């Protein structure tokens with residue numbers, strides 16, 4: 001384990017050193033590829049506005065994530081109980097889901113304006129879909145013999161859902177939630193780039209217009225750090241909730 | 001029968017769309033009637049066909065390279081433990097980078113070409129394939145490998161005849177996910193100055209606040225996604241013919 005950790009860190013350091021060396025030796029202009037040291041320096045000197053923008057994006061992502069995760073989970077539980085409705089609805093859900101979320105972003109902007117609401121709606125939409133599909137898959141993938149056993153002891157559909165389906169589905173639900181974390185940041189940033197007055201996506205858009213590519217890289221760095229933090233938090237939660245894995 | 005299962009949800013969705021607009025009197029600002037959207041596509045048929053082809057090409061280019069790189073790096077990680085320890089964390093970290101933010105930089109590097117969009121599509125596709133292929137390789141029973149080896153099979157034989165077929169179902173699961181991601185990458189890549197393609201159409205519709213054109217572009221995106229998805233499913237049915245027995 002420790003050897004793996006050392007190699008992982010070594011790989012990261014090696015990449016950074018290589019990047020820095022190539023940029024310096026080949027004298028690559030910073031607008032094509034700035035050195036890591038330059039990106040860190042720019043991030044530090046612009047930390048005030050970057051943190052403000054990051055806080056805005058994080059707020060949109062977390063709010064949308066919470067709403068989407070709850071909605072996705074509740075819908076999955078409802079459809080797990082109602083088999084006829086599920087057979088009708090599920091194929092249509094798959095069709096709607098086959099369009100990449102990014103394509104809906106202009107629509108959300110037109111409907112909900114360029115404020116935070118359109119971003120929250122978009123994030124809730126993508127997170128809701130991911131959690132819904134994962135949760136439904138988990139809820140339905142139970143041993144029929146276990147269902148029959150619970151039934152024979154007098155459990156109703158709700159009892160089966162609560163005592164059997166939900167615990168069985170937990171790993172799948174947590175996978176959906178973990179995958180969603182990174183996507184929620186990406187979707188918030190994409191929607192911000194298309195139309196907003198605040199946030200990291202807006203920072204990136206503005207920096208591109210001003211041909212300030214160091215600031216683009218700095219914003220990407222901040223966004224990546226936030227994503228990584230959210231990812232680590234949800235992964236830790238996953239280990240807690242699905243302790244038997 | 002299979003065709004029916006494909007067409008039925010589409011028809012149902014179309015009926016629901018038209019019915020809801022008529023019955024609930026939804027404002028065309030939110031949801032124009034479906035026939036109006038289809039009419040818009042019909043009226044500008046060649047333009048939509050061109051956007052379809054361009055975006056399809058970008059997404060498929062990134063998707064195919066991403067799939068290949070995914071399988072190759074999974075093979076390397078499977079055989080060389082140290083390589084896996086060293087690079088896999090970087091692969092994971094790379095996926096927390098909001099790639100879309102890179103769009104502007106990638107376009108700066110490659111210009112406004114097919115390559116720029118394909119590069120973004122590639123970045124989104126290779127990771128799921130790497131993860132699933134690696135999981136597939138690792139799940140192979142070592143006794144089967146030992147058996148093949150005892151019969152004198154070379155590494156290459158073992159890969160072709162045991163490792164790859166065993167991992168194929170999982171690889172295709174990842175490919176189906178990646179198909180959608182590749183399309184998303186191509187569409188967003190077009191937002192940085194491209195003039196043709198589904199993404200460019202979406203952007204133009206947004207700036208002109210044309211809801212009908214926006215829905216027409218969304219339907220075109222769905223058609224591109226459906227086309228890629230359909231081909232992947234067909235290839236999967238041919239290659240993983242034993243899937244239903246799993």
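Taken together, the values in this text are just the output of simple stated rules run on the coordinates, not laboratory data. This one's a predicted model, so the numbers in the text were calculated from it and none came from an experiment. Counting neighbours? That spans all protein chains shown, and the Cβs are built from the backbone with ideal geometry, glycine included.
Looking only at residues of region A:76-113 that are away from chain B (no Cβ under 11 Å) and under 22 Å from residue B:14 (Cα atoms), we find that the one that is surrounded by the most Cβ atoms within 10 Å (Cβ to Cβ) is A:79. Scanning region B:6-39 for residues that are outside any helix (DSSP H, G or I), free of Cβ contacts under 8 Å to residues at least 40 places away in the same chain and surrounded by fewer than 11 Cβ atoms within 10 Å (Cβ to Cβ) returns B:25, B:27. Out of everything in region A:16-32 that is without any contact (Cβ under 8 Å) to a residue 24 or more places away in the chain and in contact with a helix residue (DSSP H, G or I) (Cβ under 6 Å, 6 or more places away or on another chain), what residue ends up being farthest from the other protein chains (Cβ to nearest Cβ)? Within region A:16-32, the match that is farthest from the other protein chains (Cβ to nearest Cβ) is A:20.
Looking for whichever is touching a residue at least 12 places away in the same chain (Cβ under 8 Å) and under 22 Å from residue A:102 (Cβ atoms) here; the options are B:231, B:224, B:240. Which one fits? Show your work before the answer.
Working: B:231 fails: touching a residue at least 12 places away in the same chain (Cβ under 8 Å); B:240 fails: under 22 Å from residue A:102 (Cβ atoms).
Of the residues listed, the single one that is touching a residue at least 12 places away in the same chain (Cβ under 8 Å) and under 22 Å from residue A:102 (Cβ atoms) is B:224.
Restricting region B:200-218 to residues that are more than 8 Å from chain A (Cβ to nearest Cβ) and under 22 Å from residue B:100 (Cα atoms), which is farthest from the chain's Cα centre (by Cα)? Selected residue: B:207. Would you confirm whether any residue within region B:164-185 is more than 22 Å from the chain's Cα centre (by Cα) and not in a helix (DSSP H, G or I)? No, region B:164-185 has no match at all.
Just one of (1) farther than 15 Å from residue A:120 by Cβ; (2) buried (at least 19 other Cβ atoms within 10 Å of the Cβ); (3) more than 8 Å from every other protein chain (Cβ to nearest Cβ); (4) under 20 Å from the mean Cα position of the chain (by Cα) fails for residue A:231. It is (3).
A count restricted to region B:189-205 and to residues that are part of a loop (DSSP other than H, G, I, E, B) and in contact with a helix residue (DSSP H, G or I) (Cβ under 7 Å, 6 or more places away or on another chain) stands at 7.
If you go through region B:132-150 one residue at a time, do you hit one that is within 14 Å of chain A (Cβ to nearest Cβ), within 21 Å of the chain's Cα centre (by Cα), within 18 Å of residue B:225 (Cβ to Cβ) and part of a helix (DSSP H, G or I)? No - not one qualifying residue is present in region B:132-150.
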